[in-house]
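**Q** One structure coming up, written as structure tokens, with questions to follow.
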Amino acid sequence: MIIRYLTSGESHGKALTGILEGMPAGLELSEEYINRQLKRRQLGYGRSERMKIESDRVKILSGVRFGKTLGSPITFVVENKDWENWKETMSISPTESDIEKVTIPRPGHADFAGTIKYRHNDIRNVLERSSARETAVRVAVGSAARRLLEEFEIFIVSHVIQIKDVRSTLSLQNIDLKEINVLADKSPIRCLDKKTELRMMNVIDGAKANGDSVGGVAEIIASGLPIGLGSHVHWDRRMDGQIAHAMMSIPAIKGIEIGAGFQSASLSGSQMHDEIFYDDKSKDSRKMGFYRKTNNAGGIEGGITSGEPIVVRIAMKPIPTLTIPLNSVDIFTKSPAKAHKERSDTCAVPSAAVIAESVLALVIANAFLEKYGCDSIDEIKSLLLLKKK
Ligand code: EPS
């Protein structure tokens, strides 16, 4: 692994922190660039009142000088504005105050297993870290990877294709992949299909009115990739394996598909596999003249990028915090009780799509640096120029 990163921070603690190691020197990177991505993550129909409190902004504490990366670890901090309201409850030092404990786990959340695993006496000790708030700083870290990829004209976009059982059937045939985010970011639900958008929003309204929550499916696409990122030679170098790991690490993601995904099981070989063609006049030098008319493989064959766009779909479960809670048990008294209620989102699929773009950027940037990796951006560029000659 060339790119490594760590995140820390609790949802209502003072701040979230990320450290990214392995970025080459000389990459232009600014807080404004990252803030644009953080803002995208916060949008989306169905988010909680918390999003009115937070307006996420990053501070870069190390690894960048005069607007360019130094090659040293980059530290990112995103402050939690809500911390002001939680200083006592989330106090770092012991407190004299009587802080109410959370004792009834929400089914579907880390509350139950996390509290028993760590022998905590307060579910808050688990839920603060298991909260998807952590993804704010993950997007900051992933934005540096996105910036690196943009330098080499690799672009990552996403859109929402399903909320609960409402699914968009819009074809991307005539849409420039690079433009998808421009279009999706204009939609409150990040859906490209105007007719479906309204129905999706109605489903979210209905869930909210019933004290319920809904999940959905987002599609993430990376284009501009060279042939040959990742490898078939060892299990942990396969791109599809790395992407699945990264996607499943996003809170509430329960499924992932690459290309035809689950549908591939019901296709025959002749229907599934993307036939190979060659055109020596092709202007796309990354594909070396080879091209496909279909992309059921989702841009990856044998764990290696084929030069076609990587297409990933993720399924997000409904958020476990319900305002009309499910049955549970107080883990300490063992009495039956309704699950703990916290302020929460009704739907966070649009945000999950943006988070997935960021984690995909980290996986692709790592594979890119493994193949072309050098200490500086200029060195990578001159190496790529040499290869073209
Ligand atoms: C979350 C619960 C909500 C969400 C939060 C994730 O937070 P709170 O309990 O403070 O209302 O808003 O998401 C974020 C704060 C965020 O930035 O995405 C949870 O339990 O996972």
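The values are calculated or read from the model by the stated rules, or taken from the named source; none is laboratory data. Everything numeric here is computed off the predicted structure, so don't read it as measured data. Cβ placement follows ideal geometry from the backbone for every residue including glycine, while neighbour counts extend to all protein chains displayed. Accessible surface areas use protein heavy atoms only, side chains included; no ligands, DNA or RNA. Shrake-Rupley method; radii C 1.70, N 1.55, O 1.52, S 1.80 Å.
**Q** Mind checking whether some residue in the stretch 153-169 is among the β-branched types (Val, Ile, Thr) and touching a Cys at 6+ places or on another chain (Cβ under 7 Å)? Reasoning before the result, please.
**A** At the first step, the residues of the stretch 153-169 found to be among the β-branched types (Val, Ile, Thr) are 154, 156-157, 160-161, 163, 166, 169.
Next, only the ones that are touching a Cys at 6+ places or on another chain (Cβ under 7 Å) stay: 160, 163.
Yes, the stretch 153-169 contains at least one residue that is among the β-branched types (Val, Ile, Thr) and touching a Cys at 6+ places or on another chain (Cβ under 7 Å).
**Q** Quick check on my filter: what residues within the stretch 130-178 are within 16 Å of the ligand (Cβ to nearest atom) and closer than 21 Å to Glu31 by Cα?
**A** Arg133, Glu134, Thr135, Ala136, Val137, Arg138, Val139, Ala140, Val141, Gly142, Ser143
**Q** To continue, here is another question. Within the stretch 215-234, identify whether any single residue is open to solvent by 50 Å² or more (accessible area, probe 1.4 Å), farther than 30 Å from Ala367 by Cβ and of a type outside the set (A, V, I, L, M, F, W, C), and answer yes or no.
**A** Our first condition is that a residue be open to solvent by 50 Å² or more (accessible area, probe 1.4 Å); within the stretch 215-234, this holds for 227, 232-234.
Retained after the next criterion (residues that are farther than 30 Å from Ala367 by Cβ): none.
No: zero hits.
**Q** Moving on. Kindly indicate whether any position in the stretch 293-305 is part of a helix (DSSP H, G or I) and farther than 22 Å from Ser231 by Cα. Can you show your working first?
**A** Pass one, the stretch 293-305, residues part of a helix (DSSP H, G or I): none.
For the stretch 293-305, residues part of a helix (DSSP H, G or I) and farther than 22 Å from Ser231 by Cα: absent.
**Q** Follow-up. Could you list, in sequence order, all residues of the stretch 304-340 that are among the charged types (D, E, K, R), buried (at least 18 other Cβ atoms within 10 Å of the Cβ) and under 20 Å from the mean Cα position of the chain (by Cα)?
**A** First, pick out the residues of the stretch 304-340 that are among the charged types (D, E, K, R): 308, 313, 317, 330, 334, 338.
Now drop any that are not buried (at least 18 other Cβ atoms within 10 Å of the Cβ), which leaves 308, 313.
Hit for the stretch 304-340 is Arg313, nothing else.
**Q** Check the stretch 157-174 and report whether any residue there is open to solvent by less than 60 Å² (accessible area, probe 1.4 Å) and within 30 Å of Glu379 (Cα to Cα).
**A** Of the residues in the stretch 157-174, the ones open to solvent by less than 60 Å² (accessible area, probe 1.4 Å) are 157-163, 166, 168, 172.
Retained after the next criterion (residues that are within 30 Å of Glu379 (Cα to Cα)): 157.
Yes, because at least one residue in the stretch 157-174 is open to solvent by less than 60 Å² (accessible area, probe 1.4 Å) and within 30 Å of Glu379 (Cα to Cα).
**Q** Looking at the stretch 292-309, can you tell me whether even one residue there is within 14 Å of the ligand (Cβ to nearest atom), in contact (Cβ under 8 Å) with a residue 12 or more places away in the chain and within 21 Å of Lys178 (Cβ to Cβ)? Don't jump to the end; show me each part of the working.
**A** Step one: filter the stretch 292-309 for residues within 14 Å of the ligand (Cβ to nearest atom), giving none.
No, that holds for no residue.
**Q** Suppose we keep only residues that are of a type in the set (A, V, I, L, M) and at pLDDT 95 or above within the stretch 33-63. Which one would you say is most open to solvent (accessible area, probe 1.4 Å)? It would help to see each step written out before you state the result.
**A** Filtering the stretch 33-63 for residues of a type in the set (A, V, I, L, M) gives 34, 38, 43, 51, 53, 58, 60-61.
The next check asks that each one be at pLDDT 95 or above; those that pass are 34, 38, 58, 60-61.
Numbers: Ile34: 0, Leu38: 0, Val58: 6, Ile60: 36, Leu61: 116 Å².
Per the criteria, the residue is Leu61.
**Q** Now for a separate question. Go through the stretch 52-68 and count every residue that is touching a residue at least 24 places away in the same chain (Cβ under 8 Å) and within 12 Å of the ligand (Cβ to nearest atom).
**A** Looking only at the stretch 52-68, we keep the residues that are touching a residue at least 24 places away in the same chain (Cβ under 8 Å), and these are 53-60, 63-64, 67-68.
Imposing the further condition that a residue be within 12 Å of the ligand (Cβ to nearest atom) reduces the set to 53-56.
Residues flagged as touching a residue at least 24 places away in the same chain (Cβ under 8 Å) and within 12 Å of the ligand (Cβ to nearest atom) within the stretch 52-68 amount to 4.
**Q** Do the conditions hold for Gly142, that is, is it in contact with a helix residue (DSSP H, G or I) (Cβ under 8 Å, 6 or more places away or on another chain) and free of Cβ contacts under 8 Å to residues at least 40 places away in the same chain? Don't jump to the end; show me each part of the working.
**A** Values: in contact with a helix residue (DSSP H, G or I) (Cβ under 8 Å, 6 or more places away or on another chain): yes; free of Cβ contacts under 8 Å to residues at least 40 places away in the same chain: no.
Answer is no for this residue.
**Q** Among the residues of the stretch 69-80 satisfying the criterion of being open to solvent by 20 Å² or more (accessible area, probe 1.4 Å), in a strand (DSSP E or B) and not charged (D, E, K, R), which is farthest from the ligand (Cβ to nearest atom)? Even if it seems obvious, please write down each step before you answer.
**A** Let us first name the residues in the stretch 69-80 that are open to solvent by 20 Å² or more (accessible area, probe 1.4 Å), namely 70-73, 75, 77, 79.
If we keep only those that are in a strand (DSSP E or B) as well, we get 75, 77, 79.
Next cut, not charged (D, E, K, R) only: 75, 77.
On the way: Thr75: 19, Val77: 14 Å.
Going through the qualifying residues, I end up with Thr75.
**Q** Considering only residues of the stretch 278-303 that are open to solvent by 60 Å² or more (accessible area, probe 1.4 Å) and under 21 Å from Leu172 (Cβ atoms), which is nearest to the chain's Cα centre (by Cα)?
**A** Glu301
**Q** What tally of residues in the stretch 1-22 results from selecting those that are modelled with pLDDT of 95 or more and more than 20 Å from Val78 (Cα to Cα)? If you could, list the steps in order and put the result at the bottom.
**A** The initial filter retains those residues of the stretch 1-22 that are modelled with pLDDT of 95 or more, namely 2-22.
Imposing the further condition that a residue be more than 20 Å from Val78 (Cα to Cα) reduces the set to 2-3, 22.
Residues flagged as modelled with pLDDT of 95 or more and more than 20 Å from Val78 (Cα to Cα) within the stretch 1-22 amount to 3.
**Q** Go through the stretch 81-114 and count every residue that is within 30 Å of Ile34 (Cβ to Cβ), within 16 Å of the ligand (Cβ to nearest atom) and either part of a loop (DSSP other than H, G, I, E, B) or in contact with a Leu (Cβ under 9 Å, 6 or more places away or on another chain) (or both). Show your work before the answer.
**A** So the first thing to find is which residues in the stretch 81-114 are within 30 Å of Ile34 (Cβ to Cβ), and the list is 81-87, 89-92, 109-110, 114.
From what's left, within 16 Å of the ligand (Cβ to nearest atom): 81-87, 89-90, 109-110, 114.
Subset that is either part of a loop (DSSP other than H, G, I, E, B) or in contact with a Leu (Cβ under 9 Å, 6 or more places away or on another chain) (or both): 86-87, 89-90, 109-110, 114.
Result for the stretch 81-114: 7.
**Q** Is it the case that Ala246 is in a helix (DSSP H, G or I), under 20 Å from Ile355 (Cβ atoms) and modelled with pLDDT of 95 or more? Spell out how you get there, then give the answer.
**A** On the way: in a helix (DSSP H, G or I): yes; under 20 Å from Ile355 (Cβ atoms): yes; modelled with pLDDT of 95 or more: yes.
The answer is yes for Ala246.
**Q** Please state which of the following conditions Glu49 fails to meet, knowing it meets all the rest: (1) more than 10 Å from the ligand (Cβ to nearest atom); (2) out of contact with any Asp or Glu (no Cβ under 7 Å at 6 or more places or on another chain).
**A** For Glu49, the failing item is (1).
**Q** Residues in the stretch 115-129: is at least one in a helix (DSSP H, G or I), away from the ligand (no atom under 16 Å from the Cβ) and within 30 Å of Val64 (Cα to Cα)? I'd like the intermediate steps shown before the answer.
**A** So the first thing to find is which residues in the stretch 115-129 are in a helix (DSSP H, G or I), and the list is 115-117, 124-129.
From what is left, the residues that are away from the ligand (no atom under 16 Å from the Cβ) are 116-117.
Next, only the ones that are within 30 Å of Val64 (Cα to Cα) stay: none.
No - not one qualifying residue is present in the stretch 115-129.
**Q** Here is a follow-up. Yes or no: the stretch 204-212 includes at least one residue that is part of a loop (DSSP other than H, G, I, E, B) and over 30 Å from Tyr45 (Cα atoms). Quick ask: steps written out before the conclusion?
**A** So in the stretch 204-212, the residues part of a loop (DSSP other than H, G, I, E, B) come out as 210-212.
Okay, now just the ones that are also over 30 Å from Tyr45 (Cα atoms), so none.
No, the conditions are met nowhere in the stretch 204-212.
**Q** Still on this structure, please answer the following. What pairs can you find where one residue is in the stretch 276-288 and under 15 Å from Lys387 (Cα atoms), the other is outside any loop (DSSP other than H, G, I, E, B) and of a type in the set (Lys, Arg), and their Cβ atoms are less than 8 Å apart, with a gap of 6+ or different chains?
**A** Cβ pairs passing all conditions: Ser285/Lys388.
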